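So the structure is just underneath, and the comments pick up after that.
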Amino acid sequence: MRIMWPVIGVIIAAVIASAAFFIGIQQTGPPASQGTTATAETRTTAPPTSRGVVSLTLYLNDYGYNASKGGPTITAYVGDLIRIRLVGNGSGPIRHDFTLDRESPSPYDIQSDRLRNGEEQVIEFVANHEGEYKYYCSVKPPFGQSHRERGQEGTIIILPRS
């Protein structure tokens, strides 16, 4: 019976570590003197008065982001710096990317490299245009549906700053 408790502890630790790995969203922000930070997980009730930083990790899975079909909603305010750490997490030779462009449709022209499992890239841009846009994976195989058509897209919302 004494052997079972350490085994149960190891199993619980493994489950917690796996959940943290697959969620992959982390919050960082500016010092309190620089205002409020919005992340993919939270929205503030009042717009901050100064520029903030939205920082998160997106795992590029097979036809989704962060182990889900689609992706998390990213919320920021006009003027915020958006910093996204992309981690290739697809199976086999499949590559994925992050795209926010005129096909979103949006006024942005942002596209990451196409990443394989284990590859990483950080992209940054300033949220200069208010609105709601779709980010997506732009990979289109020579036959069949594109990754976006298979559901690999999420929403980014840029709110006005007062």
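Any read-out appearing in this document is the output of simple, stated calculations on the displayed coordinates, not a laboratory observation. If you're wondering where the values come from, they're calculated on a predicted model, not measured in any experiment. So basically every Cβ, Gly included, is an ideal-geometry build from the backbone, and we count neighbours across all protein chains shown.
Residues whose amide H comes within less than 5 Å of that of GLU119, counting only those at least five positions distant or on another chain, are GLY88 (H built at 1.01 Å from N in the peptide plane). Take the Cα of GLU124, step 7 Å toward its Cβ, do the same at ASP109, and the gap between the two points is 2.1 nm.
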